[in-house]
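Colleague: Pasting a structure here, questions to come.
The values are calculated or read from the model by the stated rules, or taken from the named source; none is laboratory data. Computed from a prediction, not measured in an experiment: that's the story for all the values here. Every residue, glycine as well, gets a Cβ built from its backbone with ideal geometry; the counts of neighbours run over all protein chains shown. These accessible areas exclude ligands, DNA and RNA; they are computed on the full protein's heavy atoms, side chains included. Shrake-Rupley method; radii C 1.70, N 1.55, O 1.52, S 1.80 Å.
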Amino acid sequence: MYTHQILVVGGGLAGCRAAVAAADLGANVAILSRVHPVRSHSGAAQGGINGALGTADPKDSPEAHTYFTIKGSDFLADQDAVQTMCQEAPSRIIEMEHWGAPFSRMEDGRIAQRPFGGAGFPRTCFSADKTGHVLMHTLFEQCLKRQVQVYEERHILSLVVDQDPKNPAARRARGVIALHMTEGKLESYRADAVIMATGGAGRIYRKTTNAHVNTGIGMALAYWKGAPLEDMEFVQFHPTGLFGTNILISEGARAEGGYLKNKDGERFMKRYAEKFMELAPRDIVARAIATEINEGRGYPGGYVHLDLTHVGRERIEERLPGIRDLSINFAGVDPVEAPIPIQPSHHYTMGGIACDINGTTPLPGLYACGETACVSVHGANRLGGNSLLETVVFGARAGAAAAQYAKANPTEANGKIFDAETQAAEKKIRGLGQGEATEDYAAIKTEMGNTMDDQVQVFRNEKDLRRALDKIRELKGRFPGVRLRRKGLRYNLDLIHILELEAMLDLAEVITLGALARTESRGSHSRTDHPTRDDTHWLKHTLATHTPQGPKLDYKPVTITQWKPEARVY
Amino acid sequence: MAAETQAKPAETQPTAAPAMQASTQAIVTFKIYRHEPTVEKTPHFQTYPVETRPGLTVLDALIHLLDTQDGSLAVRYSCRHAVCGSCAMDINGKNMLACQTQVARLGPEVTLRPLTGLPVVRDLVCDMTNFFRKYNLITPYLVNKTKDEKDLTREWLQSPRDRKKIDHEIGCIMCGCCEGACPVLWTDENYLGPSAIAKAWRFIADTRDEGIQERIGILDSQYGVWRCHTAFGCVEACPKNIPLTESIEKARRRIIRYRLRGK
Ligand SMILES: Cc1cc2nc3c(=O)[nH]c(=O)nc-3n(C[C@H](O)[C@H](O)[C@H](O)COP(=O)(O)OP(=O)(O)OC[C@H]3O[C@@H](n4cnc5c(N)ncnc54)[C@H](O)[C@@H]3O)c2cc1C
Ligand code: SF4
Ligand code: SF4
Ligand code: FES
């Protein structure tokens, strides 16, 4: 049994920032992560991080950042949370700079900024097109500096919640059970507070820009233990995933002047967002591309072109070197010479574990931050560059809040609950090893991904969503027939993949059910059978709670401070 | 760590080579190193037929095998586009990233082993403990002694020219390809190695850093920069094209200057 005051699950930007904050308050903190922290998917972020530093345009302000974020969210974001994020953004970014993040600079030495979609001002700070990578390294370095204990290659199996049968109010997150992947054994981690920072759930879809480890399992583990999931039906499709592999081609490519063209060579964005063109928000650009493809103006197979050839070799090499490498290595196209084939791809999970601006969830002792959390600052559509920001702003806040909670609410060890949870995990693994398989893990995973890609996609309608829900429930029914093909626990990917699939199926159900219920179009959620936003009935957050019969949906109001919902025109 | 140093594998014939549909030419044979050192004395190779298609990477093929043919394979991966540094392995004798290597460019037989020189956890997964231990030795964070770190009103200035000085080194994804390709490391695993030195240089060359003193000891030690004999193995292996020997050379010049000037 390992014991720490604070246990952070996930070593991405959010997790590392939370650990740093907790350590700075003197808490004994550890990070537990499925992959080594620097290998987290935060490192894949290319484009940048938003903050109204006003270096590129002094007229920019945190208020403008707030307004454009709320508008971008299609008025579903909680406005107090957005205000907090945008106010704190400049400090958090400058802090990253002081900690060593090598941002790209302006001639006078200040941090450079580029324009991003729907932002109003050039507000995105960047390090060429490796922003996530350099921020990830910087924050991991700060963890090392503070001697934060890191348990890497640990896959968490369950969230341990202490439950007093006589007093249900005494429920409290107490730690986790994890699989030590390289040693192949189960371990118990006890803590006074647990911070969930396990990232997004992209792998529920097949066409996704997300890494293979982004399965959303942290969301599912919290959900199974009673924490509600918020706004899961809001899933961001990035306009420009590389055709074939869906590897991300950053919005930075359009920020540096890239054009979107259909097969007739037309810059079609003029028909969808006359003013912002290619730099309209993601949901709008993704729908534009999907429409072009659906109406036969895409290329065979379903893609359009992202043309950078006019941007010039020099600027591409300086500002977009990573994009160039990706196109050459993964699509065989050099963007200096030819346009890049792209299609909309699943990219970001706006929903997540419901929490407030301090990461506090309805389950005492459990905190959440980063993509796995829903604060909510992205509402129905996230603006590019706002989620790296979210990780550092709300990571810091969750770390600090958890540290305070842990200090105020220390608990003595209760070994029994850990023994019980370990036994349950062992039993589950044993069960997966017994008897003959009647179902194939990979087949279920593929069918789930295809269902989500085809029916819970950019454009949705009741018929598709019902079919998708039936399919997911069928797959859930088949899942118990899956069996392990390998028994030994050392680096047993088969086991991990099966456990992740179980989590993804439940999340897919929550997403689809929420999408079916929401009979309006808002941000990324576009219902062709309900094409307009309906503030009278749907200006509210979805909350999904786990029950043995499936997800139970409730709703809660959106916090509106000073920005009244208005039509969203770009 | 429980892992043991890589042993020489015995060339066993495939036992469980799964049958494939009789398809036309585009079948490539994957020979994969299999070993769990704590359980089996000796490693062996297992062969698998893999149907190729344009664009298929070695990692795609491995995931396909894992999903459809052999759930027992161990391989480390995550991002699938050369940013997370997980999937470094020895592919036909060279250390490369599986996700960045097209099967079509490799010929009819693809031999996969774990990174040369590193201990093995299982199959293609090696133990990176020593790699990260050495990285820890170089004080791997920006050291600031004179500026007010708590003043968050404005950034510390850095000109684009100064920023450019660390452009290459900040790209390191800690994959270990270079580590496995360095002949010095084959004989002495305590040599800091190219990536840790480049990382040290990334900080030393950063105009905001004041940590030369903290780093000079280890860099100028018997495990430091002088061990490199500029064999370029690392540069050739680095998937991020980091000019490691140049970084090492710059670090050397800086050490000499430090010796002369005491700072
Ligand atoms: C390709 C790409 C590009 C992007 N570019 C941008 C951009 O330019 N700007 C921007 O603002 N946003 C961008 N985003 C979004 C942004 O990168 C992410 O939302 C953000 O990095 C998420 O950080 P995180 O810390 O929440 O999660 P992650 O970085 O995904 O980290 C999750 C952590 O959880 C751990 N974990 C997962 N499962 C388990 C388990 N079972 N047990 C233990 N640990 C587990 C993992 O090991 C990992 O350490 C991009 C996203 C993608 C996919
Ligand atoms: S150049 Fe130096 S560090 Fe690189 S492989 Fe050769 S000896 Fe090793
Ligand atoms: S220097 Fe290159 S080869 Fe070495 S770890 Fe870094 S990225 Fe990999
Ligand atoms: S899978 Fe991330 S580098 Fe290959």
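Colleague: Have a look at the range A:503-570 and give its Rg and Dmax from the Cα atoms, expressed in angstrom.
Modeller: Looking at the range A:503-570, its Cα Rg and Dmax stand at 13.8, 44 Å.
Colleague: Continuing with the same structure: Return the ratio Rg/(2.2 N^0.38 Å) for the range B:129-261, where Rg is computed over Cα atoms only.
Modeller: 1.06
Colleague: Provide, as a two-decimal number, the C-alpha radius of gyration of the range A:235-347 over 2.2 N^0.38 Å, N being how many residues it has.
Modeller: Its radius of gyration relative to the 2.2 N^0.38 Å reference: 0.96.
Colleague: Residue by residue through the range A:488-495, what is 3J(HN,Hα) from phi via Karplus (6.51 cos²θ - 1.76 cosθ + 1.60, θ = phi - 60°)? Round to whole Hz and write x for glycine and proline.
Modeller: x, 8, 5, 6, 8, 5, 4, 4
Colleague: Also: Starting from the range A:289-374, pick out the GluC sites (Glu not before Pro) whose DSSP state is loop and whose Cβ has at most 13 other Cβ atoms within 10 Å.
Modeller: A:GLU295, A:GLU337
Colleague: Here's a follow-up. With every protein chain in place, what's the accessible area of A:LEU489 (1.4 Å probe, Å², nearest 10)?
Modeller: Number for this one is 40 Å².
Colleague: Now a separate question. What is the spin-label model distance, in nm, from A:ALA420 to B:ASN241 if the labels are put 7 Å beyond Cα along the C-beta direction?
Modeller: It works out to 5.9 nm between the two label points.
Colleague: Taking amide H positions as placed 1.01 Å from N in the peptide plane, with prolines and chain starts having none, which residues 5 or more places from A:TYR555, or on another chain, fall under 5 Å of its amide H?
Modeller: Close amide H contacts, sequence-distant or interchain: A:LEU543.
Colleague: What is the diffusion coefficient of chain B in µm²/s, taking the Kirkwood radius over Cα pairs and the Stokes-Einstein relation at 37 °C with a viscosity of 0.692 mPa s?
Modeller: The calculation lands on 162 µm²/s.
Colleague: Something else about it: Would you kindly derive the ³J(HN,Hα) couplings of the range B:197-214 from the backbone phi angles with the Karplus curve 6.51 cos²θ - 1.76 cosθ + 1.60 (θ = phi - 60°), listing them in order in whole Hz, with x for Gly and Pro?
Modeller: 5, 4, 5, 4, 5, 3, 7, 4, 7, 7, 4, 8, 8, 10, x, 4, 4, 5
Colleague: Looking at the range B:27-126, I'd like the Rg to Rh ratio, where Rg is from alpha-carbon atoms and Rh is Kirkwood's inverse mean 1/r.
Modeller: Radius of gyration over Kirkwood radius for the range B:27-126 works out to 0.93.
Colleague: Suppose the Debye formula is applied to equal point scatterers at every Cα of the protein assembly as shown; what is log10 I(q)/I(0) at q = 0.05, 0.09 Å⁻¹?
Modeller: Taking Cα atoms of the protein assembly as shown as identical point scatterers yields -0.24, -0.85.
Colleague: Let me ask you something else. Using only helices, what value at 222 nm comes out for the protein assembly as shown when you add -39,500 (n - 2.57) per DSSP H run of length 4 or more and divide by the total residues, to the nearest 500 deg cm²/dmol?
Modeller: So the helix-based figure for the protein assembly as shown works out to -10500 deg cm²/dmol.
Colleague: Using alpha carbon centroids, what distance separates the range A:473-487 and the range A:63-92, in Å?
Modeller: 42
Colleague: Starting from the range A:421-493, pick out the GluC sites (Glu not before Pro) whose DSSP state is loop and whose Cβ has at most 14 other Cβ atoms within 10 Å.
Modeller: Loop-located and lightly packed - A:GLU436.
Colleague: For a quick check of your reading of the filter: which trypsin sites (Lys or Arg not before Pro) in the range B:113-179 sit in a DSSP loop and have no more than 11 other Cβ atoms within 10 Å?
Modeller: Loop-located and lightly packed - B:LYS145, B:LYS147, B:LYS150.
Colleague: Then there is this: With the crude spin-label approximation of a point 7 Å out along Cα→Cβ, what separation in nm comes out for B:ALA104 versus B:ASN190?
Modeller: My value for the distance between the label points is 4.9 nm.
Colleague: Using the Cβ atoms and a cut-off under 12 Å, what net charge is assigned to the surroundings of A:ARG154, where Lys and Arg are +1 and Asp and Glu are -1?
Modeller: Charge balance near A:ARG154 sits at -2.
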